[in-house]
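Worksheet: one structure, shown below.
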Amino acid sequence: MTSGSTDEIPAKDILLKDLPLGEEGRIAGLEGPHEDCQRLREMGFCESAIIKRISGERMMMCKVCGTKIALNEALGKKIRVERLRQVD
């Protein structure tokens, strides 16, 4: 029985820098010094927030909390995300 809606299924955690371009994920955690993690949270990179990687390799453009933000690769290695897949 299909209801026409889609459900999100979390997959294995990966680093934000490894999230394929155009895909969304849910932030699972932040790693690194407390000051770095606190700054990321202040910018909207909070646990459970949905994030989309828009472009870039060394400088990544992401969309989180309705805002586009550029991050360098070092910060992209501090953000763990759960990949989200749509169920047909």
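Under the convention that each Lys and Arg Cβ holds +1 and each Asp and Glu Cβ holds -1, the size of the dipole of the range 20-86 around its Cα centre is about 220 debye.
As an exercise, use a Förster radius of 35 Å and the Cβ-Cβ distance of I14 and K68 to find the FRET efficiency, rounded to the nearest 0.05. Working shown, then result.
Working: r = 21 Å, r/R0 = 0.60.
Computed FRET efficiency for I14 and K68: 0.95.
Built from the Cα atoms of the range 20-86, the convex hull projects on average onto 4.0 nm², one quarter of its surface area. Note on the range 20-86: dipole from Cβ charges, positive end direction compared against F45, G22, V81; the farthest Cα belongs to G22. Simple spin-label estimate for I50 and R85 gives 1.9 nm between the two label positions (7 Å along the Cα-to-Cβ direction from each Cα).
Since every read-out is calculated from the coordinates, none of them should be taken as a lab result. What you see is a predicted model; the values in this text were computed from it and never measured. Cβ atoms come from the backbone with ideal geometry, glycine included; neighbour counts cover every protein chain shown.
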